[in-house]
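A.B. asks: Encoded as structure tokens, here's the structure I'll be asking about.
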Amino acid sequence: MNDIFNNIKSYLTLINTNDLFVHTDISKGFKVAFNSSKNDYIAEHIQLLLKLNCNLLIPVYNYNFSKLKVFDVVNDTSQVGVINEYFRKNFAQWQTPIPFFSVAGTGRLPEINLGHKINVFDDSSIWSHLYNNNSAIMYYGASFSCTTIIHFVEEISSTLRYRYSKRFDGKVILSTNEIKNICINMHVRPLNYYLGYDWVKLEYDLFENNIIKQFKDGLTDIKIINVNKLVDFWLNKLYENELYFLDNKSVFWVKPMLNKLKRPFELTDFEK
């Protein structure tokens, strides 16, 4: 385990990474002995990640805002990963008050839009911060299919036509004494239609172009991508083919419908 840890640490130094966005699956992370305490086991994984000497940014997504219209930053738990919630409660120095896609982290709070009107994936979002600050994404055992930044690339590409903008109004509880009204805008999947991404092809293309680096030893399977290279590569692919991200099943119905409409999808095409 020491070899793979040191190799990863050296690689992050080589690519000059300060901020490391980590998708997690603890079962394929660093080899850590389990000594009867689940919390100690989780904490040891986090402590190893902290020893990589990067600011950690970990998704603590909670998707209840669309139904409840309320996001409680302190009390709403992460719905993505065992490590994520434990990190949020015990190690994080800040958490973004963004419904759906909140992120917790160490080090400085990124300069992002925390105002009343927020587009989750635009050029004032945390994904833009990652792109503009030579950050990296780590898949700490996690599947490549959890790559949230793909929606940022769609947003800034100006080619996005197969998702449509939707508004979510509600309240964010910042503390017991502070509540603010908020308006979230983001592009969503067409309601009641299948829309999937070709994750196998997307990951393969990144390997073929030396954009993704894998560190594997036994069950440990960790991948790292420089955000700048990822975003630029994907933007070029979208400019060549606006449906590049989609799998064949999606393209089968999306392409004819877009050709028929002669415009991007709109909310009223799928929702009343």
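What follows draws every value from the coordinates through simple rules; no lab data is involved. This one's a predicted model, so the numbers in the text were calculated from it and none came from an experiment. With ideal geometry, Cβ positions are generated from the backbone for all residues, glycine too; neighbour counts draw on all protein chains shown.
A.B. asks: Within segment 160-192, what residues put their amide N at less than 13 Å from the label point 7 Å along the Cα-to-Cβ vector of N248?
C.D. replies: Output list for this probe position: empty.
A.B. asks: Still on this structure, I have one more. What is the magnitude of the charge dipole of the chain about its Cα centre, with +1 placed on the Cβ of each Lys and Arg, -1 on the Cβ of each Asp and Glu, and no other charges, expressed in debye to the nearest 20?
C.D. replies: 520
A.B. asks: Set the Förster radius R0 to 25 Å, insert the Cβ-Cβ distance between R189 and S158 as r into 1/(1 + (r/R0)^6), and round the FRET efficiency to 0.05.
C.D. replies: Plugging the Cβ-Cβ distance into 1/(1 + (r/R0)^6) gives 0.85.
A.B. asks: Something else now. Just how far, in whole angstrom, is segment 207-272 from segment 1-75 if you go by their alpha carbon centroids?
C.D. replies: 25
A.B. asks: Spin-label point model (7 Å from Cα, Cβ direction): what's the K9 to W199 distance in nm?
C.D. replies: Between K9 and W199, the label points sit 3.1 nm apart.
A.B. asks: Provide Rg over Rh for the chain; use the alpha carbon set for both Rg and the Kirkwood Rh (inverse mean inverse pair distance).
C.D. replies: Here the Rg-to-Rh quotient is 0.97.
A.B. asks: Another question, if that's okay. Have a look at F65, S135, L12 and report the one farthest towards the positive end of the charge dipole of segment 2-269, computed about the Cα centre with Cβ charges (Lys/Arg +1, Asp/Glu -1).
C.D. replies: Of the options given, the answer is F65.
A.B. asks: Based on the mean of other Cβ atoms within 10 Å per residue, sort peptides 123-129, 158-164 so the most packed one is first.
C.D. replies: 123-129, 158-164
A.B. asks: Using only alpha carbon pairs under 8 Å that are at least six residues apart, calculate the relative contact order of the chain and give it in whole percent.
C.D. replies: Relative contact order of the chain: 21 percent.
A.B. asks: Right, another one. Before rounding to the nearest 500, sum -39500 (n - 2.57) across all DSSP H runs of length at least 4 in the chain and divide by the residue total; then give [θ] at 222 nm in deg cm²/dmol.
C.D. replies: -10000 deg cm²/dmol
A.B. asks: Binning every alpha carbon pair distance of segment 3-56 at 5 Å from zero, what are the percents per bin?
C.D. replies: Final binned percentages: 4, 17, 28, 26, 15, 7, 3, 0.
A.B. asks: For the pairs K117/K249; K31/K213; K9/K31; K67/K223; K38/K89, note any where the Cα-Cα span goes beyond 23 Å.
C.D. replies: Beyond 23 Å: K117/K249; K67/K223.
A.B. asks: Quick check: from the Cα gyration tensor, does segment 129-272 come out rounded (a/c under 1.5), prolate or oblate?
C.D. replies: Judged from the Cα gyration tensor, segment 129-272 comes out oblate (a/c at least 1.5, b/c at or above a/b).
A.B. asks: In what sequence do R167, R189 fall when counting other Cβ within 10 Å, fewest first?
C.D. replies: Lowest count first: R167, R189.
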